[in-house]
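Q: Sharing a structure below in structure tokens format, with a few things to ask.
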Amino acid sequence: MATQLSYMQRMQLAEKVRQRFLGDAEKILFEIGGVVQDRLTTLLNERGTTRDMQNRRDAWMLFQKQRGPWIDGTMKTWQESLKSPATRKSEKKDPLSLEGDGGLSLVGTDAVEDKILASRLVLAVVEKMSGELDDLRVRVKTLENRDELEGHDILRPEVLILLMIEQWTTSGMPRDSWAMVTDAVKKSLIDKLKAAYASANEFLIQ
């Protein structure tokens, strides 16, 4: 089917599949917000050291305020990733750029720690959906006549997840608190993202 389309039609189709995928991802993010809330609430009732219990209470209380900013900030950076690096730079300096030296323009150990957190989650998620993800990569690369997806492409799970984790701390949540919810987030991502990739593949097949 792709060979019957003009270059512009193929580019428009690739853009549309990214928009559809991002729409599904944003729905997943809202659900993850609920998953995080439930997990932090559950932790309040679990025994632990005095320090652990205080940290859990602090994280729960802070999330009541920062849940909205975290979700909104993540969706904004996801949308920004749909633009080309040149477009983002022309509009304003992009603090979440994945271009250049291959890392975020955050400084010091913060960027490294975000990447470590993201890489662990990405490995766990990709392992469970490699088939759908690989199929989508092949189809989009064929549409766009490229060897590989660009580094900032939102279809890459490492881009999607890294921006979500980075916004966790950008919104004001302590980085240590991510460990409290990561297992719950992982399960939700595995269940939902696989369906999102499958839906994107089905759209292109049709």
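Q: Name, by its number, the condition in (1) at pLDDT below 90; (2) among the hydroxyl-bearing types (Ser, Thr, Tyr); (3) buried (at least 16 other Cβ atoms within 10 Å of the Cβ); (4) not in a loop (DSSP other than H, G, I, E, B) that does not hold for Ser90.
A: For Ser90, the exception is condition (3).
Q: Quick one: count up the residues across the range 167-206 that are over 12 Å from Phe63 (Cα atoms), of a type outside the set (A, V, I, L, M) and either in a helix (DSSP H, G or I) or under 15 Å from the mean Cα position of the chain (by Cα) (or both).
A: Matching residues across the range 167-206 total 17.
Q: So, Asp24, is that one assigned to a helix (DSSP H, G or I), of a type in the set (Asp, Glu), within 20 Å of the chain's Cα centre (by Cα) and surrounded by fewer than 14 Cβ atoms within 10 Å (Cβ to Cβ) or not?
A: Details: assigned to a helix (DSSP H, G or I): yes; of a type in the set (Asp, Glu): yes; within 20 Å of the chain's Cα centre (by Cα): yes; surrounded by fewer than 14 Cβ atoms within 10 Å (Cβ to Cβ): no.
No, not satisfied.
Q: Same structure, new question: Looking at the range 1-19, I want the residues that are under 16 Å from Arg146 (Cβ atoms) and have a partner that is surrounded by 14 or more Cβ atoms within 10 Å (Cβ to Cβ) and modelled with pLDDT under 85 with Cβ atoms under 9 Å, at least 6 apart or on another chain. Which pairs are those?
A: Arg10/Ala2; Leu13/Ala2
Q: Sticking with this structure for a sec: Cβ contacts < 7 Å: first residue under 17 Å from Gly172 (Cα atoms), restricted to the range 48-71; second residue of a type in the set (Phe, Trp, Tyr) and surrounded by fewer than 17 Cβ atoms within 10 Å (Cβ to Cβ), any location; separation 6+ or different chain. Result?
A: Ile71/Phe30
The values are calculated or read from the model by the stated rules, or taken from the named source; none is laboratory data. Computed from a predicted model, the values in this text were never measured in an experiment. Cβ atoms come from the backbone with ideal geometry, glycine included; neighbour counts cover every protein chain shown.
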